[in-house]
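Just below is one structure, and these are the notes that go with it.
The values are calculated or read from the model by the stated rules, or taken from the named source; none is laboratory data. Since this is a predicted model, take the numbers as computed values, not measurements. For neighbour counting, all protein chains shown are included, and Cβ atoms are generated from backbone atoms with ideal geometry for every residue, glycine included. Just the protein is used for accessible areas: all its heavy atoms, side chains included, with ligands, DNA and RNA removed. Shrake-Rupley method; radii C 1.70, N 1.55, O 1.52, S 1.80 Å.
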Amino acid sequence: MAIRRNPLFDTATTLGKILGFLGVSAICGVLVAGLLVPAAAVSGSTASGSIEFFDTLPAELQVDPPSQSTKILAADGSVIANLYAENRTRVPLDQISPYMKDAVIAIEDTRFYDHGGVDTTGILRALVSTARGNKQGASTITQQYVNNVLNASLEAEGRGEDIKLNGVNKGVGDKLREMKLAIALEKKFTKEQILEGYLNIVFFNRDAYGIEAASKFFFSTSAKDLTLPQAALLAGLVNSPSAFDPITNPENAKARRDLVLNSMLGQGKITKAEHTAAIATPVAPKVTPARQGCAYSPTAPYFCDYVLHLLLNNPAYGADATEREKKIFRGGLTIKTTLDPKAQKVAQDQVNASAGANPDKWGAALVSVEPETGKITNMAQNTTWFAGKGKFDSQINFNVDQYDDQGNDLNGLGGAQPGSTMKPFTFAEWLEEGKPMNSIVDASQRRYPQDFPWRNTCSTPTVGWYDSSNGDSTDLQNAEEGYYRPMTVLDGLKNSINTATFAAAAQLDLCGIQKIVDAVGLHEGLPTRDKETNAVVDPNPKITMTTIGNLLGSRQTAPLTMASAFATFANDGKYCAPIAITSVTDQTGAQLPAQSSACRDAVKPDVARGVNYALQQVLNEGSGSLIEPRISTRTTFPIAAKTGTSNNNGSTWVVGHTMGLATAAWFGDALGSQKRAGQNVTVNGKFYTGIDGYMIAGPMFSQFMSQIAPAYGTEPFPEPPSNLLYGTPQFEPSVPAPNNPQQPAPNNPQPAPTATTGNGNGNGNGNGNKGND
């Protein structure tokens, strides 16, 4: 049998609606009274259950600053990228258009300045409307602000599933709590503070939180410059951002905007003439898409990513990764960096031009530092972050290590074999031991057998050999036959002669070379891993110079590491660790930990000056003189550099410096295991039997330094002491080795554009990395 309803209480009837309205009104009256009664006044046993329940709710609302966008800035203050979980930029009320303030009050809360957080008049009006079958909201701006703050807090805590939305999952208890907090908020803040907070937190679009971001997104303007029709449209959007989106629903947006304008006119906020003109204005958004993250940086995405990793790896920004991400992506930080936009643009232009269309995806990288501070001025590579037709895309940074010294990920390639750019450090030890650079060594010696008497005062053993009479090993090689002969140590470095470097090292303490390499910050860019678990054992291993192949650059080293090492010579022997972040401030202006210059004495000033003298000769008349366009102390300004190439031509370099700027330019294989040979390949429409350092990395270096170095200082290098330049010429033979083949010297040897790099790996093979400079 059907259940009969009492017609008296059937809400489908007019009488039922009236009685329902009166019943709800009575309940709301009790609850609103509970809002207004101090807790002390209802603490007796006569207090109703409703009031007791209500007073157990929080009495105050902790209004933390809402999530705000973080900005990463270049040294000149220009924006590199924005980072955010919610795209929001907080602005004070006086930087918001009066039209916007009037519009949002007119449509959302006409009695904003009259109520105390909860509008009882609005509640009764909404009840009457609802009883008549027309649902109407009654939340004040203060209540909406409370709701947004509560939800923002949940989102920041990673509890997005607990967010309460009106009409979706918000119950009576949630609404009562909201009303209670709204009243408490009104007691703590002024109306202007509440309105400012509301306009800065309210949601307009998934890419626009707060009025400043919404103004930028929808109209490419600022909140203070919003016109009347723009302000009215945004005010109308708050009620339902999707339904009234002017991009996807322009007709709905116009109808809602015009409703706001009508309300403003009815409340005397605008004149009839203003109303008419605004109504006639078409809905025409001028969208500026929000570009979130380093990937969208138009100038320096990989430098930006490097900066981001430095912060995410810094425990000063939070105890764990989650806390650090919250601080960085929600904290409204302003991160000032060392990047020079002009230098960055020139660097980017050079790496982009290095390989042209680049169907074979050869990598190019260029990075610079200031010698006196370690500040990174530019960091560029020839890839795009996102894939696209005909693009070489990569999210890996070619310029940096794979991990920092604590084992934290840097998203880096880990570098490449530096080849002959390692030779200056053996030369530096030669000078360190007081030997003049015009001393003659026997560069005809090509065999260094297992029992060769290397001098090594380090605890690490000497490993590696070159000896074709021993199994499958080979003799040490140069790229050109004419240089197997006695020559000065200076000529050996200038022309990048492998046998001269080994002949010099044979007269030195390998441990001394090790100390110099360590002092100038050189290390491997790839970690040492456990052979069984593959776990990182040492994130930045030393380049072990007692392994003789490393004298010629067989271990992968990052361009940033090489640039910083060469900068030591420019800085009179002081090494400064590379830095990227000069200051970090939060949204209150408080300073957070950043980086500062960390410099130390690495080599003696006289030694640094001697190396500078020699490296100038590399460009004047040695292996670097083949670089086009020419750059040298003789042709442009005082500048020093060294070329380098791996044995299979898959990694090519020029690293050098003026007094004010040190730069590493690299071109080579950046894919997978980096084993491709740079031989018999076509790059940028030109065929190469073998790519040498001067060929592609050289022009990158030359073009960049010619345009940028003068801004950083190109003063002459200080002269080295005469005893290191012009000591008594003497022949310093290596320790004799049996069956050491000799080669005749040509009558008029030319500067060698190529040389051999070696990898004496201690496994009995003595395989040399034959490369070209």
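Anything in the stretch 595-620 that is under 19 Å from I376 (Cα atoms) and without any contact (Cβ under 8 Å) to a residue 60 or more places away in the chain? List them, or say none. I'd like the intermediate steps shown before the answer.
The first filter runs over the stretch 595-620 and keeps only residues under 19 Å from I376 (Cα atoms), leaving 595-600.
Correct list: S596 only.
Give the number of residues within the stretch 331-341 that are of a type in the set (S, T, Y) and surrounded by fewer than 23 Cβ atoms within 10 Å (Cβ to Cβ).
Initially, the stretch 331-341 is screened for residues of a type in the set (S, T, Y), giving 334, 337-338.
Still in the running and surrounded by fewer than 23 Cβ atoms within 10 Å (Cβ to Cβ): 334.
Qualifying residue count for the region: 1.
Would you mind stating whether N399 is open to solvent by 10 Å² or more (accessible area, probe 1.4 Å), polar (S, T, N, Q) and within 34 Å of the chain's Cα centre (by Cα)? Walk me through how you get there before you give the answer.
Working: open to solvent by 10 Å² or more (accessible area, probe 1.4 Å): no; polar (S, T, N, Q): yes; within 34 Å of the chain's Cα centre (by Cα): yes.
No, not satisfied.
If a residue has to be touching a helix residue (DSSP H, G or I) at 6+ places or on another chain (Cβ under 9 Å) and surrounded by fewer than 24 Cβ atoms within 10 Å (Cβ to Cβ) to count, how many in the stretch 359-371 make the cut?
First, the residues of the stretch 359-371 that are touching a helix residue (DSSP H, G or I) at 6+ places or on another chain (Cβ under 9 Å): 361-371.
With the extra rule that they be surrounded by fewer than 24 Cβ atoms within 10 Å (Cβ to Cβ), the set shrinks to 361, 370.
Within the stretch 359-371, residues that are touching a helix residue (DSSP H, G or I) at 6+ places or on another chain (Cβ under 9 Å) and surrounded by fewer than 24 Cβ atoms within 10 Å (Cβ to Cβ) number 2.
Looking at K269, K254, can you tell me which residue is assigned to a helix (DSSP H, G or I), open to solvent by 30 Å² or more (accessible area, probe 1.4 Å) and either out of contact with any His (no Cβ under 9 Å at 6 or more places or on another chain) or of a type in the set (A, V, I, L, M, F, W, C) (or both)?
Working: K269 fails: assigned to a helix (DSSP H, G or I).
Testing whether each residue is assigned to a helix (DSSP H, G or I), open to solvent by 30 Å² or more (accessible area, probe 1.4 Å) and either out of contact with any His (no Cβ under 9 Å at 6 or more places or on another chain) or of a type in the set (A, V, I, L, M, F, W, C) (or both) leaves just K254.
Only one of (1) in contact with an Asp or Glu (Cβ under 8 Å, 6 or more places away or on another chain); (2) modelled with pLDDT of 95 or more fails for L234. Which number is that?
(1)
Here is a yes/no grid of residues against (1) modelled with pLDDT of 95 or more; (2) part of a strand (DSSP E or B); (3) of a type in the set (S, T, N, Q); (4) open to solvent by less than 20 Å² (accessible area, probe 1.4 Å):
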position: T474; (1), (2), (3), (4): no, no, yes, no
position: I516; (1), (2), (3), (4): yes, no, no, yes
position: I543; (1), (2), (3), (4): yes, no, no, yes
position: N550; (1), (2), (3), (4): yes, no, yes, yes
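Checking Q406 against (1) crowded, with 19+ Cβ neighbours inside 10 Å; (2) under 30 Å from L510 (Cα atoms); (3) within 20 Å of the chain's Cα centre (by Cα), only one condition comes out false. Which one?
For Q406, the failing item is (1).
More than 30 Å from N498 (Cα to Cα) and either open to solvent by 10 Å² or more (accessible area, probe 1.4 Å) or more than 14 Å from the chain's Cα centre (by Cα) (or both): which single residue out of G419, G374 fits that description?
On the way: G419 fails: more than 30 Å from N498 (Cα to Cα).
Unique residue meeting the criteria: G374.
Under 7 Å between Cβ atoms, which residue pairs at least 6 apart in sequence (or on different chains) link something in the stretch 138-153 that is farther than 19 Å from R330 by Cβ with a partner that is among the polar types (S, T, N, Q) and not in a helix (DSSP H, G or I)?
From residues that are farther than 19 Å from R330 by Cβ, the pairs are S139/N166.
Among the residues of the stretch 625-647, write down those that are aliphatic (A, V, I, L, M) and either within 33 Å of the chain's Cα centre (by Cα) or assigned to a strand (DSSP E or B) (or both). Give the steps one after another, and end with the answer.
Our first condition is that a residue be aliphatic (A, V, I, L, M); within the stretch 625-647, this holds for 626-627, 631, 639-641.
Residues satisfying the conditions are I627, I631, I639, A640, A641.
Cβ contacts < 7 Å: first residue in contact (Cβ under 8 Å) with a residue 12 or more places away in the chain and closer than 20 Å to F244 by Cβ, restricted to the stretch 265-289; second residue outside any helix (DSSP H, G or I) and open to solvent by 70 Å² or more (accessible area, probe 1.4 Å), any location; separation 6+ or different chain. Result?
The qualifying pairs are P285/I247; V287/I247.
F425: assigned to a loop (DSSP other than H, G, I, E, B) and aromatic (F, W, Y), yes or no?
Working: assigned to a loop (DSSP other than H, G, I, E, B): no; aromatic (F, W, Y): yes.
It is false that F425 is assigned to a loop (DSSP other than H, G, I, E, B) and aromatic (F, W, Y).
Out of the stretch 498-513, which residues are without any contact (Cβ under 8 Å) to a residue 60 or more places away in the chain and either in a loop (DSSP other than H, G, I, E, B) or surrounded by fewer than 24 Cβ atoms within 10 Å (Cβ to Cβ) (or both)?
C511
Using beta carbons and a limit of 6 Å, which pairs, at least six apart or on different chains, have the first residue in the stretch 159-185 and at pLDDT 60 or above and assigned to a helix (DSSP H, G or I) and the second one surrounded by 15 or more Cβ atoms within 10 Å (Cβ to Cβ) and charged (D, E, K, R)?
Here the result reads D174/K164, each pair linking the stretch 159-185 to a residue that is surrounded by 15 or more Cβ atoms within 10 Å (Cβ to Cβ) and charged (D, E, K, R).
With the requirement that a residue be in a loop (DSSP other than H, G, I, E, B) and hydrophobic (A, V, I, L, M, F, W, C), what does the stretch 272-283 give you? Spell out the reasoning first.
First, the residues of the stretch 272-283 that are in a loop (DSSP other than H, G, I, E, B): 281-283.
Passing the criteria: only V283.
If K286 satisfies every condition in (1) open to solvent by 50 Å² or more (accessible area, probe 1.4 Å); (2) of a type in the set (K, R); (3) part of a helix (DSSP H, G or I) but one, which is the exception?
(3)
Could you please find all residues in the stretch 657-688 being open to solvent by less than 10 Å² (accessible area, probe 1.4 Å), farther than 16 Å from N399 by Cα, assigned to a strand (DSSP E or B) and aliphatic (A, V, I, L, M)?
Selection gives V683 alone.
For T557, state whether it is open to solvent by 50 Å² or more (accessible area, probe 1.4 Å) and β-branched (V, I, T). Don't jump to the end; show me each part of the working.
Numbers: open to solvent by 50 Å² or more (accessible area, probe 1.4 Å): no; β-branched (V, I, T): yes.
Here the answer is no, as T557 does not meet what is asked.
Yes/no per residue for (1) touching a Gly at 6+ places or on another chain (Cβ under 6 Å); (2) of a type in the set (G, A, S); (3) closer than 30 Å to T248 by Cα; (4) crowded, with 17+ Cβ neighbours inside 10 Å:
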residue: C304; (1), (2), (3), (4): no, no, no, yes
residue: F329; (1), (2), (3), (4): no, no, yes, yes
residue: A343; (1), (2), (3), (4): no, yes, no, yes
residue: D349; (1), (2), (3), (4): no, no, no, no
residue: N382; (1), (2), (3), (4): no, no, no, yes
residue: F386; (1), (2), (3), (4): no, no, yes, no
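Can you name the residue in the stretch 300-333 that is in a helix (DSSP H, G or I) and of a type in the set (G, A, S) and, of all such residues, is farthest from A85 (Cα to Cα)?
In the first step, residues of the stretch 300-333 are kept if they are in a helix (DSSP H, G or I); the result is 301-312, 315-317, 321-330.
Going one step further and asking which of them are of a type in the set (G, A, S), we end up with 316, 321.
Working: A316: 20, A321: 15 Å.
Looking at the filtered set, the residue picked out is A316.
From the list K272, K326, which one is of a type outside the set (A, V, I, L, M, F, W, C) and under 26 Å from Q406 (Cα atoms)?
K326
Starting from residues that are without any contact (Cβ under 8 Å) to a residue 24 or more places away in the chain and not charged (D, E, K, R), keep the ones in the stretch 98-121 and report whichever is most open to solvent (accessible area, probe 1.4 Å).
This residue is P98.
Of (1) aliphatic (A, V, I, L, M); (2) touching a residue at least 60 places away in the same chain (Cβ under 8 Å); (3) surrounded by fewer than 22 Cβ atoms within 10 Å (Cβ to Cβ), A640 satisfies all except one. Which?
(3)
Hey, among the residues in the stretch 478-497 that are buried (at least 21 other Cβ atoms within 10 Å of the Cβ) and part of a loop (DSSP other than H, G, I, E, B), which one's modelled with the lowest pLDDT? Steps first, answer last, please.
Within the stretch 478-497, the first condition is being buried (at least 21 other Cβ atoms within 10 Å of the Cβ), and the residues that meet it are 478-479, 483-484, 487, 489-497.
Next, only the ones that are part of a loop (DSSP other than H, G, I, E, B) stay: 478-479, 484, 495-497.
Numbers: N478: 95, A479: 88, Y484: 97, N495: 97, S496: 97, I497: 97.
Filtering first and then ranking leaves A479.
Does the stretch 334-385 hold any residues that are part of a strand (DSSP E or B), of a type in the set (S, T, N, Q) and either within 30 Å of S67 (Cβ to Cβ) or free of Cβ contacts under 8 Å to residues at least 12 places away in the same chain (or both), and which are they? Spell out the reasoning first.
Here is the first cut: in the stretch 334-385, the residues part of a strand (DSSP E or B) are 334-337, 363-369, 375-381, 384.
Imposing the further condition that a residue be of a type in the set (S, T, N, Q) reduces the set to 334, 337, 368, 377-378, 381, 384.
T334, T337, T384, listed by residue number.
Might you let me know whether the stretch 583-595 holds any residue that is open to solvent by less than 50 Å² (accessible area, probe 1.4 Å) and of a type in the set (D, E)?
Checked the stretch 583-595: at least one residue is open to solvent by less than 50 Å² (accessible area, probe 1.4 Å) and of a type in the set (D, E).
Just to be sure I understand the filter: pairs with C-beta atoms under 6 Å, separated by 6 or more residues or on different chains, first member in the stretch 555-584 and on the phi > 0 side of the Ramachandran plot, second member in a helix (DSSP H, G or I) and surrounded by fewer than 24 Cβ atoms within 10 Å (Cβ to Cβ). Which pairs pass?
D572/P605; G573/P605
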